[in-house]
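Chemist: Right, I'll just put the structure down here and ask away after.
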Amino acid sequence: MNPLDLCTSPGMRAVREMIAKVAVTNATVLLTGESGVGKEVVARAIHALSSRAMNQFLKVNCAALPEELLESELFGHQRGAFTGAYRDKPGKFEQAEKGTLMLDEIGEVPLRLQAKLLHVLQDGEFARVGGERVLETDVRVLAATNRDLESEIRAGRFREDLFYRLNVIEMHIPPLRERRDEIPTLVDYFLKTANTEYRRALDIPASTRRLFLEYAWPGNIRELQNVVKRIVVLGTAAGVSEELAAASGKPSSATSMPMMADAQGRLDLKAIARRAARDAERLAIGDMLERTNWNRAKSARYLGISYKALLYKMVDCELVKKDPKPEAVAAEPEEVAAVAV
Ligand SMILES: Nc1ncnc2c1ncn2[C@@H]1O[C@H](COP(=O)(O)OP(=O)(O)OP(=O)(O)O)[C@@H](O)[C@H]1O
Ligand SMILES: [Mg+2]
């Protein structure tokens, strides 16, 4: 399945239409957008729809390497070009021949290398580090950044001519908070894949799903994916709900004092303590089950409670692993029947 099929908001529909249009060309594309919005997913989709799909899609994270190593990574080097260069090495511009090269975090490329990049983009020519020979390359470049390159230009950190060369087509991927209508579909998709990956059959309660729609998602789709994974791994949405509610400035059901007050507004201290204890137990037990690969006998031993008490508490805390791994079943024939998280 193409992950972009899940992106049905007007902003992403425009992105998808643009992908179809630019894919058939050789144009350089500048993908902009916050961290985690899916810039790489879009870059791969462009490659997959292009006539280069049979050849390589390679990615270089320009922020991950110091200048000399980045230069060698992109353009390769000749033996003896620098200490440690024991043999000739082709760079990504050679390896991606007839394919697509994604230059991720392009805003981090040092000025000297920006000049070399401009040259290869304009003339399709470059030389390996320490090499004399001019090499030709046929690579389509897709660049991505979460920085505002125009303000980088004003600050003297990014070459204007390179910007215009890269920015033949700009595709802006909107943040998740501007396409909230995609959240339910994305959650179902991530839930399904996480359940498969961890061999679980968990669902996410409606109250947590509502919080998903209100949270700001500064880490965008990557954060949503990680949150869903965490719920599946821990077997409970309780901790995540607390955090999202707190971040959205809302009292969550677990900590909300008004929720525990009676009709006259009185608070039942014992009920509050019971609830807090149960939340703490749920976290500790969920964590231990995870660490022991859901081996309940071992978990009970490490937690210093009887096996029966653990089973009881798992039901009480709604901690479930519906689809235990075969070895866990062999060791522990009992099943806990609850389903919700
Ligand atoms: N439409 C989508 N459907 C499913 N998963 C998606 C989608 N878009 C992004 N993702 C997932 O979200 C995560 C982040 O996506 P991606 O790496 O493309 O973001 P990015 O914009 O390149 O982030 P960064 O700026 O941090 O590099 C990845 O795990 C990716 O698989
Ligand atoms: Mg990326």
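The values are calculated or read from the model by the stated rules, or taken from the named source; none is laboratory data. A quick note: this is a predicted structure, and the numbers were derived from the prediction, not measured. All Cβ positions, glycine included, derive from the backbone under ideal geometry; neighbour counts span all protein chains shown.
Chemist: Does Glu68 fit the bill of being in the same structural domain as Gly33 (by TED's automatic domain parsing), away from ligand 1 (no atom under 16 Å from the Cβ) and at pLDDT 95 or above?
Modeler: Taking the combined requirement at face value, the residue does not satisfy it.
Chemist: Now, a different point. Among the listed residues Tyr189, Tyr86, which satisfies the condition of being within 16 Å of ligand 1 (Cβ to nearest atom) and aromatic (Phe, Trp, Tyr)?
Modeler: The unique qualifying residue is Tyr189.
Okay, residues lined up against (1) over 20 Å from the mean Cα position of the chain (by Cα); (2) modelled with pLDDT under 95; (3) within 12 Å of ligand 1 (Cβ to nearest atom):
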{"position": "Leu4", "(1), (2), (3)": "no, yes, yes"}
{"position": "Pro10", "(1), (2), (3)": "yes, yes, no"}
{"position": "Val29", "(1), (2), (3)": "yes, no, no"}
{"position": "Gly33", "(1), (2), (3)": "no, no, yes"}
{"position": "Gly38", "(1), (2), (3)": "no, no, yes"}
{"position": "Val41", "(1), (2), (3)": "no, no, yes"}
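Chemist: Another question, then. So, in the range 12-27, exactly how many residues are surrounded by 14 or more Cβ atoms within 10 Å (Cβ to Cβ), more than 8 Å from ligand 1 (Cβ to nearest atom) and closer than 17 Å to Ile221 by Cα?
Modeler: The total comes to 2.
Chemist: Of (1) part of a helix (DSSP H, G or I); (2) within 16 Å of ligand 2 (Cβ to nearest atom), Ala63 satisfies all except one. Which?
Modeler: In the conditions (1) part of a helix (DSSP H, G or I); (2) within 16 Å of ligand 2 (Cβ to nearest atom), Ala63 misses (1) alone.
Chemist: A further question on this structure: Does Tyr189 fit the bill of being away from ligand 2 (no atom under 16 Å from the Cβ) and either polar (S, T, N, Q) or more than 27 Å from Ala23 (Cα to Cα) (or both)? Before you say what the answer is, go through the steps one by one.
Modeler: On the way: away from ligand 2 (no atom under 16 Å from the Cβ): yes; either polar (S, T, N, Q) or more than 27 Å from Ala23 (Cα to Cα) (or both): no.
It is false that Tyr189 is away from ligand 2 (no atom under 16 Å from the Cβ) and either polar (S, T, N, Q) or more than 27 Å from Ala23 (Cα to Cα) (or both).
Chemist: Would you mention how many residues in the range 66-94 are surrounded by 16 or more Cβ atoms within 10 Å (Cβ to Cβ) and under 22 Å from Arg165 (Cβ atoms)?
Modeler: Going through the range 66-94 one residue at a time, the tally reaches 10.
Chemist: Report yes if Ile183 is within 14 Å of ligand 1 (Cβ to nearest atom) and at negative phi, otherwise no. Let's see the steps before the verdict.
Modeler: Working: within 14 Å of ligand 1 (Cβ to nearest atom): yes; at negative phi: yes.
It is true that Ile183 is within 14 Å of ligand 1 (Cβ to nearest atom) and at negative phi.
Chemist: Residues of the range 50-60 being farther than 12 Å from Val109 by Cβ and within 16 Å of ligand 2 (Cβ to nearest atom), which ones?
Modeler: If the condition is that a residue be farther than 12 Å from Val109 by Cβ and within 16 Å of ligand 2 (Cβ to nearest atom), then Phe57, Leu58, Lys59 are the ones that fit.
For every residue, the table says whether it meets (1) in a helix (DSSP H, G or I); (2) in contact (Cβ under 8 Å) with a residue 40 or more places away in the chain; (3) in contact with a strand residue (DSSP E or B) (Cβ under 9 Å, 6 or more places away or on another chain).
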residue: Leu70; (1), (2), (3): yes, yes, yes
residue: Glu73; (1), (2), (3): yes, no, yes
residue: Ala85; (1), (2), (3): no, yes, yes
residue: Phe93; (1), (2), (3): yes, yes, yes
residue: Leu113; (1), (2), (3): yes, yes, no
residue: His119; (1), (2), (3): yes, no, yes
residue: Arg147; (1), (2), (3): no, yes, yes
residue: Ile153; (1), (2), (3): yes, no, no
residue: Leu162; (1), (2), (3): yes, yes, no
